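To keep things clear, I will list the structure first and then write my remarks on it.
The values are calculated or read from the model by the stated rules, or taken from the named source; none is laboratory data. Given the structure is predicted, the values throughout are model-derived calculations rather than measurements. Every residue, glycine as well, gets a Cβ built from its backbone with ideal geometry; the counts of neighbours run over all protein chains shown.
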Amino acid sequence: MKSINLKENQFIQFHQKISFKFDGVKYFGYKGDTIASALLRNNINLVGRSFKYHRPRGIYTCGIEEPNALVQIISEYSEPNTRATIKKIYEGMEIESQNRWPSLENDFGSINNLFSPIFTAGFYYKTFMGPHKKFWKNLYEPLIRRAAGLGKPPKDFKGISNHIHHNVDVTIIGGGLNGLLAAKSFINSNYDVLLIDFEEQLGGIINNSNKISLIDNKEPKDWLKETIQEIEDSKNIKILKNTLVTTYNYINHLIAIEDRFVGSKPIEGKVNSTLHKIRTGHTILCNGHIERFLSFQNNDLPGIMLSSSFEKYMCRYGLAPSKEPVIFSNNSNSNSLVYSLIKAGLKPKAYIDSRSGEEIEPNLFDLIRKNDVPLYTNSQIKGAFGNKKIEKILVEDSSGALNEIKCDCLCLSGGINPDVHLFTQSKGLLDWDEKDLTYKPSKPFQPTITLGSASGQFNFDNLNSDVNEKLKTFKVKKLDVKLELNTNTKYNIEKLWEVSPQKKSLWAKSFIDLQNDVTTKDIRQAITEGFDRIEHLKRYTTNSMGTDQGKISSINALGIVSDLLDKKVNEVGTTIYRPPYAPLSFSAIAGRNCYEFYDPERKSPIHSWHLKNGAIFEDVGQWKRPWYFQINKDESMHDAVQRESKNVRENAGILDGSTLGKIEIKGEDALEFMNLIYTNSFTKMKQGSARYALMLGEDGMVKDDGIICKISDQHFIATTTTGGAATVLGCMEEYAQTEWPNLKVFMNSITEQYATFNISGPKTREIMKKAFPNINFSNEEFPFMTFQFHEFNGTPLRILRASFTGELGYEIYIPSNSAPKIWDNIQSVGKEFGLAPYGTEAMHLLRAEKGYIIVGQDTDGSITPIDLGLSWMIGKSKKDFLGKRSLTRSDTIREDRKQLVGIIPSNKADKLEEGQHIILDKEIKSPVPMLGHITSCYHSSTLGHDFALAVIKNGHSMIGTKAYASTSSMSTTGVDIVKPVFYDEDNKRLVS
Amino acid sequence: MLIINCPYCGPRDQSEFSNGGEAHVKRPDGSKEIGDREWGEYVFIRANPKGLFYERWVHTHGCRKWFNCVRDTSTDEILVTYKLDEKKPNLNNFKSVVKTPSGEPEVGSGNFTVEK
Ligand SMILES: [Zn+2]
């Protein structure tokens, strides 16, 4: 195909040269060129290999509907599957063709084309069944994945996107003739209007074709300039260019993607695309139409192009891809291409129309006659032939004779479709138009208006009345625009979906989906095999399932199917048009919600101290908590945890417990409310005392636990688990509002307002005395499970005597801002007593030695307080609390429930693991009845061996018996089932 | 994404709200004897109709208030929102738009929607 540069225009100037590389070779284009127009200028039309058969493919269109010309942009983080027909070139751009090896010209995969007779619809499903299941996963799938497919995924991605929200009255999608007219109506009105166009320049058909000769007696170009200026000057209209609306959701919620670097290389670190989220009162769809192709043998050869695309290259890019293309059409839409060619001093090599001479528009007829263009009416192209490019076509004329025409380019037009994707995404209904042979929007589901060819108005005669009528509800000024056209006005089409090949051959291919390599034969075969419902057929053949969603071909497929089934097209129906309209990158969807913003990190006020002191962190919800502290780089986690826990048992340890959820509950009826929320009874509890409490779901299962401090009957402070804080607050609020609105009670989260330090160990009292000399920490003055308010150097403190380790312990609550100072002070006075920080892992080990549970680890939403052996925590005299009635359900009182027990290896040297199943027999003979599993397991240097907590069936009655823990190597370890407490069973250390 | 009209704050994006399931499910009075069936139905059984549905929502990332609404589950349209202490609206005031029991169309599903 030999292209020719035409005259310069407002979009392309021939002095602005740009160099770029395609498959490693340097070429030149002009500023404003797309990759496709630049390649065509350099007479390159082979740009890729097809999905399945690796057939050579060229540039088929001049826009977003492109099925073939997908390329990898090496200079932009190797972005794959970029449409060459819309991506603008820039200086130094590097582009690679896709799906070929070793090179585009000599592609090894094209051997698939030889085997193509066996690669038909459903081939993979039928063929790769045996001989063994593993063959698919290990052999077939990797092979197929390597051979088939599109571009390679980028290895490294640094693109940045942001999101912008809009709230407007009216959104106009498409800035072509109708979009501009609609926007013109809204100039200086009281409506907030958004006008969105995918291209860099507004104008649509005015820029892309020579259909219109005069608008309001002005050159279309001049009218366009004036109109855009007027719209830009109007304060109530915002224009978004280079922005594609991809999604039309419920309640007029639109999603659009804006390319911020059109025609230049994205700058690293700068936002390169913006995702617009638009809420609009009304949506006006002016997104025009898409031309469709026709099926005949080898209709995929490079050099074949849609006719309106050829015209767009001429008008927009000052480029004729070929000097003498052949035109093949069944409708009037290609008339203007003939006009444009002749106006440019070129001439079609032949004009072939399936319609009869009488049906062809008279002015086209005259034009063709006057310029001696060979005309074939009542004729069809039987096939195109050539090696990696079109070289000749075979035409069957009205007499049935075959004519061979040599050519380097063929322009196709199979008719036009309104671009209904967005309309159907909005759930609007379509109607089949038997005269225009296409689906057109009929009933909108939302406040959606369609104008122009997007609504199926393919003629210009009703332009003004259509806009005025449909915009009537807005009471905006009426339009009266005068249009004059260069070609005919009435759209006319004759039914033609497919031309059968001249010679029947296994290798003859007429494509119906170029991107997914689906042939019309595949459609036939699928129907023969019973896949005659359009949704089944789509999935079986993969028709219209590519990234282009079959924009130029899906209606043709419906036409072919309706003929085969002898049904009307509206009886066949359509498949669903799903968002997005065109591929949307994950980075655009993610926006700024990635990396450190993906899930915010929460840090305690002491975080920087932890960093300086060798803390290794663990994630607990969003919190970063010290897992353990390394005293030097060589210390292993096991050693650190054993050291930390031993130090708590022998001296004292300090844990940063600031992440614990804290909720303050106040109000006249706070006591009654707390009695309803927790299982415990708080009525007889003394002011200034604290209680370990459980919270259940209405199903009776343990949901959370914590310590409740009673300041008075009207004022409580509750702690929750770190992960459960938000849920517990949410649950309290829900019940306060929905079930007990009569109770006067308020609650608030104070988690981040207060830091919490847990100090425990036998030397704790000495440390506390020294750190807070004004406070009396004696057992008599400050007994176990009480709390006191104090002040230290002007900082208010709440100190609670409680312990999660089994040692003497205090929890200090300090306003977050003052916390680091007090933490440092405790560290320095504690040194002489051997005080050392410990992390969550040592805390888990210490609490497990005492048999204290962790909700979510030792419970899993199916464990009641009775299962845990915590019946004493249930306020049985209370009339009601969350989940109370469920504790006497038949399921919760049944005999063989899983219950919490302790496990130790019978042979103390044996190891145990979390998750091990507890079974009765030493030998593993399937089926193995499973009693339960280990929920927590640690090595204790205090005990000198491994120990575990487990939930097992009838566990409480099995205490004192022996069982086995199964290992991953199919052997067993003998274990003793014991009480779930391994240390200081009578709580002497706790209360003294 | 839906727009939900919080009775306290006004219309806001759905992402600010959390769904709380069926509304007007009465919690049995704990001070009285509750039968297994009554309690079991309260804890485990909720309606799941196609069409008009009383539903609870909470304005989680807003005023944190619970409120009720009537939603058409076949179109996702929220027809009315009202405060917890307001009387529940009569469903006969709304036109249910459910047309087919299963929603499965005879022919290709792309052109299928619930007609308003
Ligand atoms: Zn609100």
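Among the residues of the range A:880-898, some residue qualifies, meaning at least one is surrounded by 18 or more Cβ atoms within 10 Å (Cβ to Cβ) and away from chain B (no Cβ under 14 Å). Of the residues making up the range A:199-226, those that are over 24 Å from residue A:448 (Cα atoms) and without any contact (Cβ under 8 Å) to a residue 60 or more places away in the chain number 9. Only residues that are surrounded by 12 or more Cβ atoms within 10 Å (Cβ to Cβ) and under 45 Å from the mean Cα position of the chain (by Cα) were counted in the range A:904-923, giving 8. Kindly evaluate residue B:64 against the criterion of being basic (Lys, Arg), within 16 Å of the ligand (Cβ to nearest atom), modelled with pLDDT of 95 or more and surrounded by 14 or more Cβ atoms within 10 Å (Cβ to Cβ). Spelling it out, residue B:64 is indeed basic (Lys, Arg), within 16 Å of the ligand (Cβ to nearest atom), modelled with pLDDT of 95 or more and surrounded by 14 or more Cβ atoms within 10 Å (Cβ to Cβ).
Selection of the range A:37-49 for residues being polar (S, T, N, Q) and crowded, with 24+ Cβ neighbours inside 10 Å yields A:37, A:45. The numbered conditions (1) modelled with pLDDT of 95 or more; (2) in contact with a Ser or Thr (Cβ under 9 Å, 6 or more places away or on another chain) are all true for residue A:827 except (2). The residues of the range A:391-420 that are among the β-branched types (Val, Ile, Thr) and more than 24 Å from residue A:290 (Cα to Cα), listed by number, are A:393, A:395, A:405. Looking only at residues in the range B:67-91 that are surrounded by 19 or more Cβ atoms within 10 Å (Cβ to Cβ) and away from chain A (no Cβ under 13 Å), the one that is nearest to the ligand (Cβ to nearest atom) is B:81.
Kindly state which strands (runs of 3 or more DSSP E) lie completely within the range A:883-992 and contain at least 1 residues that are in contact with a Pro (Cβ under 9 Å, 6 or more places away or on another chain). Spell out the reasoning first.
Working: elements: A:898-905, A:917-919, A:932-940, A:945-953, A:962-966, A:972-978.
Ranges flagged: A:898-905, A:917-919, A:945-953, A:962-966, A:972-978.
Do you know which of the residues in the range A:558-586 that are of a type in the set (Gly, Ala, Ser) and in contact with a helix residue (DSSP H, G or I) (Cβ under 7 Å, 6 or more places away or on another chain) is nearest to the other protein chains (Cβ to nearest Cβ)? Out of the qualifying residues, it is A:573. Candidates are the residues of the range A:532-557 that are touching a residue at least 60 places away in the same chain (Cβ under 8 Å) and in contact with a helix residue (DSSP H, G or I) (Cβ under 6 Å, 6 or more places away or on another chain); the one that is surrounded by the most Cβ atoms within 10 Å (Cβ to Cβ) is A:541.
Counting only strands (runs of 3 or more DSSP E) that sit completely within the range A:204-307, those holding 3 or more residues that are touching a His at 6+ places or on another chain (Cβ under 6 Å) correspond to A:271-285.
Hey, among the residues in the range A:397-417 that are part of a strand (DSSP E or B) and closer than 18 Å to residue A:307 by Cβ, which one's nearest to the other protein chains (Cβ to nearest Cβ)? This residue is A:417.
Kindly indicate whether residue A:429 is over 30 Å from residue A:59 (Cβ atoms) and within 14 Å of chain B (Cβ to nearest Cβ).
Details: over 30 Å from residue A:59 (Cβ atoms): yes; within 14 Å of chain B (Cβ to nearest Cβ): yes.
For residue A:429, the condition - over 30 Å from residue A:59 (Cβ atoms) and within 14 Å of chain B (Cβ to nearest Cβ) - is met.
In the set (1) within 14 Å of another protein chain (Cβ to nearest Cβ); (2) assigned to a loop (DSSP other than H, G, I, E, B); (3) of a type outside the set (S, T, N, Q), the condition left unmet by residue A:668 is number (1). Scanning the range A:370-396 for residues that are surrounded by 15 or more Cβ atoms within 10 Å (Cβ to Cβ) and not in a strand (DSSP E or B) returns A:373, A:374, A:377, A:378, A:379, A:386, A:388, A:389, A:390.
Could you please let me know if residue A:756 is buried (at least 17 other Cβ atoms within 10 Å of the Cβ), of a type in the set (Ser, Thr, Tyr) and either part of a strand (DSSP E or B) or touching a Lys or Arg at 6+ places or on another chain (Cβ under 6 Å) (or both)? Steps first, please.
On the way: buried (at least 17 other Cβ atoms within 10 Å of the Cβ): yes; of a type in the set (Ser, Thr, Tyr): yes; either part of a strand (DSSP E or B) or touching a Lys or Arg at 6+ places or on another chain (Cβ under 6 Å) (or both): yes.
The answer is yes for residue A:756.
Flag not set for residue A:869, criterion: part of a loop (DSSP other than H, G, I, E, B), surrounded by fewer than 21 Cβ atoms within 10 Å (Cβ to Cβ), within 14 Å of another protein chain (Cβ to nearest Cβ) and touching a residue at least 24 places away in the same chain (Cβ under 8 Å).
If we scan the range A:32-46, do we find a residue that is of a type outside the set (Val, Ile, Thr) and in a strand (DSSP E or B)? The answer is no, given that none of the residues of the range A:32-46 is of a type outside the set (Val, Ile, Thr) and in a strand (DSSP E or B). Within the bounds of the range B:16-35, is there any residue that is touching a residue at least 12 places away in the same chain (Cβ under 8 Å), more than 21 Å from residue A:740 (Cα to Cα) and either surrounded by 18 or more Cβ atoms within 10 Å (Cβ to Cβ) or within 15 Å of the ligand (Cβ to nearest atom) (or both)? Yes: the range B:16-35 contains one or more residues that are touching a residue at least 12 places away in the same chain (Cβ under 8 Å), more than 21 Å from residue A:740 (Cα to Cα) and either surrounded by 18 or more Cβ atoms within 10 Å (Cβ to Cβ) or within 15 Å of the ligand (Cβ to nearest atom) (or both).
Looking at A:992, A:926, which is the one that is farther than 30 Å from residue A:800 by Cβ, modelled with pLDDT under 95 and not charged (D, E, K, R)? Lay out the reasoning, then the answer.
Working: A:992 fails: farther than 30 Å from residue A:800 by Cβ.
That would be A:926, the only listed residue that is farther than 30 Å from residue A:800 by Cβ, modelled with pLDDT under 95 and not charged (D, E, K, R).
Considering the range B:46-61, the residues that are away from every other protein chain (no Cβ under 14 Å) and surrounded by 14 or more Cβ atoms within 10 Å (Cβ to Cβ) include one that is nearest to the ligand (Cβ to nearest atom), namely B:53.
Could you tell me which numbered condition residue A:551 fails, if it satisfies all but one of (1) modelled with pLDDT of 90 or more; (2) under 21 Å from residue A:570 (Cα atoms); (3) part of a helix (DSSP H, G or I)? (3) is the only condition that residue A:551 fails.
Would you mind stating whether residue B:43 is more than 27 Å from residue A:701 (Cα to Cα) and either surrounded by 13 or more Cβ atoms within 10 Å (Cβ to Cβ) or within 8 Å of another protein chain (Cβ to nearest Cβ) (or both)? Answer is no for this residue.
Restricted to the range A:708-730, and to residues there that are within 14 Å of chain B (Cβ to nearest Cβ) and free of Cβ contacts under 8 Å to residues at least 60 places away in the same chain, the residue that is farthest from residue A:859 (Cα to Cα) is A:730. In the range A:746-760, the residues that are closer than 29 Å to residue A:827 by Cα form Cβ pairs under 6 Å with partners that are acidic (Asp, Glu), at six or more places apart or across chains, as follows: A:750/A:664; A:756/A:811; A:758/A:811; A:760/A:807.
Name the residue, out of B:11, B:7, that is within 13 Å of the ligand (Cβ to nearest atom), in contact with a strand residue (DSSP E or B) (Cβ under 9 Å, 6 or more places away or on another chain), at pLDDT below 95 and closer than 23 Å to residue B:91 by Cβ. Only one candidate passes the filter, namely B:11. When residue A:748 is evaluated against the numbered criteria (1) within 14 Å of another protein chain (Cβ to nearest Cβ); (2) over 39 Å from the mean Cα position of the chain (by Cα), which criterion, by number, is the only one it fails? Looking at each condition in turn, residue A:748 falls short on (2).
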